[in-house]
Structure formats: structure tokens, C-alpha cells
Amino acid sequence: MSHQNIVNDLAIKTESKIVFIVLDGIGGHPLTPTGKTELETARTPNLNKLASVSILGLSNPIAPGITPGSGPGHLGLFGYDPLKCNIGRGVLAALGIGFPLRTSDIAARINFCTANSKGIITDRRAGRISTSLCTRLAKDLNKIKIKGVEIFVRPVRDHRASLIIRGKNFGGDISDSDPQKVGMKSKPLIGKDIDSKRTIKIVNQFVLKAQQILSVKKPANMVLLRGFAKYQRFPSIKEIYKLNSACIAVYPMYKGVARLVGMETLEGAETLDDEITVLKKNFNAHDFFFLHVKKTDSAGEDGNFKQKVKVIEDFDKKLSKILQLKPDVVVITGDHSTPSILKSHSWHPVPLLIYSKYCRADAAKKFGETDCLRGGLGIINATDIMTLAMANALKLEKFGA
Ligand code: ZN
């Protein structure tokens, strides 16, 4: 019996509420061998106060040494085995904009780009065209018809759009056409199996027709495709944990991950303040809230140590507004580490805090990598965090007689 099945058997519906906060890429690294990480450098009196009555630890998002993307990182946090439930960005992007994907749909991300007369890419983002131009171009491409399949093109943001192909016996194991740099032509698509090879024939027809439509447009006269994936439905958070869950996030991709696991997405948040307002407004309507904070990761990716510290301090100032709602369980963690020194996601274990009346607070008093290492939880797999949150919310019955 798998771990998720056990939780599924034991989960009960109760009144208690869980607020699960993901500070994207919160784990960091010192700039010097004896220095402190971003989280340890930040002045965080409120996080530390909460940490002093919480149990702390670190978590491995996928496995020791493996650097995760945000998609698998989040799936692990929600208790799904990220190795078994690896889902492509194309699917996440389509779900992120609320496209009603059906099982076996193939989804990919479109980048509108600029190419010269020889097909050489001169700008991979077509000068980051406006979302309104992207919307018009997506509408044009959405009119493309290919025999035997349904094609959908939807705008996402700036130069990004979503392509969805609906038909029989298609595969999503397809390489990217985006060469990732300018001065090159788009790469031919490669499929790993018969179904994917069959899909490529359709995609190539689509690209050809798209090129004809876009050839007269400026600056976006071509499309690049990446993140091909086939949509499969996973058991939902409601089915596994009997939770009435809600997602509060600013960026579409995280709403996409939330929709993938059947969460309701609460709209209307553009800033952290908005997110907290949305949380307050809907606090009575749900028993599980996933609240996503993006800017910790963005600052890390930019290599901006100071900015990451500032984002953490800003979150710390607002934490009390969340705690005022008196959730029964508070989880604060990240989907992976994003140390500024590496300017990218990394494999380092991620700080984890779990608060509840029954959490058995440990001796670690500060929410930071060093204290988390001394915490009562030790180093755990991210997929165990949901089980712990459920247990702390007294939502799990005992196993066996
Ligand atoms: Zn992330």
C-alpha cells in the first residue's frame, strides 16, 4: 500500500484549518563560507516568535542532490510523488490560465519570437510583446484547422501563449523547438515514442500554418514551442485528504499546479497584501489554504541577496495578519532552495516550520537553515509534510486496531 493510500484511508473531515505557506525558493546559501543565508540574514521577529512554538526541520523536495523545478517541487509539498507525477510545463501553463484540459490532451508553451528572412531567430521573446498583442495573435492562430484534431491557442502573458491539441492516441514526449538562444533556427521536434511522433506531424502542420499567418506580423513573426506534455488527471486533494482546498497565488503557473490537484483557485491577488486579503475573505469557506509567495525565488534567480532578504523581511511583517485568523495548523516552507549565489534553483534541503497546538515544539528558535537542521523534524521528504499537517490538524485516524 502506498503512503498516499494510507493517508487516504485515515483522513477524516473536521472543522480545523490548515494554512500552508510556500515561500518559493526560500532555501538559500551564505555568500562566504562563514556567512549567513538570506533567511538567516533577514530580521524576522515574527517568524522567529512562531518558530519558538513550532517544530522545525528541513525537507528534500525530490531526493538528496536533485534540483527540482517549481512544478515537481509543489507536487511533492502536496504529498504527490514528484517522480511518478512529473508533469510538463505545457500542462501547467494551460491549467494556469484556466483552460479546461481533458485527459490525454497535449499541451505546449508557445513563445512568440522574431526571426529574419532565413528563419534565424533574432529575438526569442519578440521584444516581450504586450499581452494585448499576444491575445490578438493567439486569436488568429486559434483559427487554424487541422484534419482530425482540435487545436486551441490561448494567450498567457507577454510573449507567451498555450497550445492545446486534442485528438486520439497522441503523446507528449516531444523535445522543444526553442533553441534557447538567438542566432539559430528553431530545432526540429523529436518524439520518443510512436504516439509522440504522430503528434509531431500535427504540430509541424500547425507551425507551418502559424508561420503563414505570422509572416506579415511584426515583431512576432514566428513561434517556438516547449514543455510538451500530456495531461493526466491525478487524484485530487479532496479525494486523498478530504480537504476543501483553495489556492491563493499571483502567478498562473502556481494556480496551474493547484488546479492539477483539484484546488479551487481564489482570484484577485496581485500582491502579498492582496493575497492576505483574499485569505481573510475566504477563511470560513475552506479548510486548507495554499498561499504562494513568488518574490523570494525571483530575487534568488536574479542573484540579488539583499532583495531576497528584503522580501523575507516584508513577509515577516505581514505574517501576524495571517496568524490573527488563528489557523489550527501553519506550515511555512518552500518548494526548493534558490540561493542568490547560484542564481538558480538548487538541491539544498528546504527550511520547514510546522505550527499547531500539538506540534511538540523543539529547541530550535529561529526560522533559518542552521536552526532548522537542529529542529525536531530532522531532514524529511517533502512528500511527508502534508501527512504531518493533517496529523497536526487532527484530521487522521489511527492506523490499525
Ligand atoms: Zn519554485
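Data for the structure
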| quantity | calculated |
| --- | --- |
| Equivalent ellipsoid, region 41-133 (semi-axes from 5 times Cα gyration tensor eigenvalues, Å) | 37, 21, 15 |
| FRET efficiency, Glu270 to Ile194 (Cβ-Cβ, R0 51 Å, nearest 0.05) | 0.70 |
| For Glu397, Glu369, order by how many other beta-carbon atoms lie within 10 Å, fewest first | Glu397, Glu369 |
| Chain lengthening between Thr131 and Arg43 when straightened (0.36 nm per residue, less Cα-Cα) | 27.9 nm |
| Sequence of Arg154, Arg109, Arg102, Arg128 once ranked by neighbouring C-beta atoms within 10 Å, starting from the fewest | Arg102, Arg128, Arg154, Arg109 |
| Cα-derived Rg over Rh, computed across the chain with Rh taken as Kirkwood radius | 1.00 |
| Estimated distance in nm for a label pair at Asn282 and Leu208, the labels positioned 7 Å out from Cα along Cα-to-Cβ | 4.5 nm |
| Between region 1-51 and region 235-291, the alpha-carbon center distance in angstrom | 17 Å |
| Convex hull (Cα only) mean projected area of region 1-155, reported in nm² to one decimal | 17.2 nm² |
| Kirkwood estimate for region 92-230, i.e. one over the average of 1/r between Cα atoms, Å | 14.8 Å |
| Ranking of Glu275, Glu239, Glu15, Glu40 by count of other Cβ atoms within 10 Å, fewest first | Glu15, Glu239, Glu40, Glu275 |
| Percent breakdown of C-alpha pair distances by 10 Å bin, ordered from the shortest bin, for region 165-255 | 13, 32, 28, 20, 7, 0 |
| Distance (nanometres) between label positions extended 7 Å along Cα→Cβ at Arg360 and Glu150 | 5.2 nm |
| Computed FRET value (nearest 0.05) for Thr34 with Lys317, which takes r as the C-beta separation and R₀ as 25 Å | 0.30 |
| Gain on full stretching of the segment that runs from Arg166 to Lys181 - 0.36 nm per residue minus C-alpha separation | 2.4 nm |
| Cα gyration tensor shape of region 250-296, rounded if a/c is under 1.5, else prolate or oblate by comparing a/b with b/c | oblate |
| Reach of Lys217 by Cα under 29 Å, taken over lysines that are not fewer than 8 positions away in the same chain | Lys118, Lys139, Lys143, Lys145, Lys147, Lys181, Lys185, Lys187, Lys201, Lys209 |
| Kyte-Doolittle at least -0.5, axis length at least 24 Å by Cα - qualifying DSSP helices, the chain | 194-214, 305-323 |
| Contour excess over end-to-end distance, with Cα ends at Asp81 and Lys118 and 0.36 nm allotted per residue | 8.8 nm |
| Proximal charge balance of Lys343 [Cβ under 12 Å; K/R count +1, D/E count -1] | -2 |
| Whichever lysines have a C-alpha closer than 17 Å to that of Lys308, once near sequence neighbours (fewer than 8 apart) are set aside | Lys36, Lys294, Lys295, Lys317, Lys318, Lys343 |
| Net charge of Cβ neighbours under 9 Å - reference Val91; Lys, Arg +1; Asp, Glu -1 | +1 |
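Each value in this text was obtained by applying a stated rule to the coordinates, not by laboratory testing. The model shown is predicted, which means the values in this text are computed figures rather than measured ones. Don't worry about glycine lacking a Cβ; one is built from the backbone with ideal geometry, like all the others, and counts go over all protein chains shown.
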